[in-house]
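Down below is the structure, laid out as structure tokens.
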Amino acid sequence: MKWLYDERIVSVLFLALIVVTPTAAVVGAFLHRCLAHGLSRQAVVLWVVVALAGPVNFALWRLYNRIEDHWGLDQVKPLLINCGLFILLGVVVGLILRFLLRPQKNDE
């Protein structure tokens, strides 16, 4: 059970995801292209998101740890900072995905 709360083990797991997610995205996109005979715009966006998931997750983990190490776990300020950052990130990523996944208008 110790692996659930050991920061080093979690960091190693997130480091592994830096390699695994882009690799899985490349393999998945290749298989998707072969089976579907091409990739749609939505599929490309999906595989890019999968590829970026590991590196972005590691960067957010490091940012979270920096904030918590600076102010400590026993204060409300770092909790509010992290909450604000993750809300802002969610809104920005949501807007970007909405823009990228919007239906294409036909030029007729």
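So is G28 of a type outside the set (A, V, I, L, M), more than 22 Å from S11 (Cα to Cα) and touching a residue at least 12 places away in the same chain (Cβ under 8 Å) or not? Spelling it out, G28 is indeed of a type outside the set (A, V, I, L, M), more than 22 Å from S11 (Cα to Cα) and touching a residue at least 12 places away in the same chain (Cβ under 8 Å). May I ask you to list the residues in the range 37-59 that are without any contact (Cβ under 8 Å) to a residue 40 or more places away in the chain and touching a Phe, Trp or Tyr at 6+ places or on another chain (Cβ under 8 Å)? The one that is without any contact (Cβ under 8 Å) to a residue 40 or more places away in the chain and touching a Phe, Trp or Tyr at 6+ places or on another chain (Cβ under 8 Å): L39. Only residues that are part of a helix (DSSP H, G or I) and either of a type in the set (A, V, I, L, M, F, W, C) or in contact with an Asp or Glu (Cβ under 7 Å, 6 or more places away or on another chain) (or both) were counted in the range 44-101, giving 37. In the set (1) in contact (Cβ under 8 Å) with a residue 24 or more places away in the chain; (2) surrounded by 15 or more Cβ atoms within 10 Å (Cβ to Cβ), L89 fails one condition alone, (2).
Quick note: the coordinates plus some simple rules give every number you see, no bench work behind them. Note that the structure is a prediction, hence the values are computed from the model and not measured. Ideal geometry is used to build each Cβ from the backbone, glycine not excepted, and the neighbour counts take in all protein chains shown.
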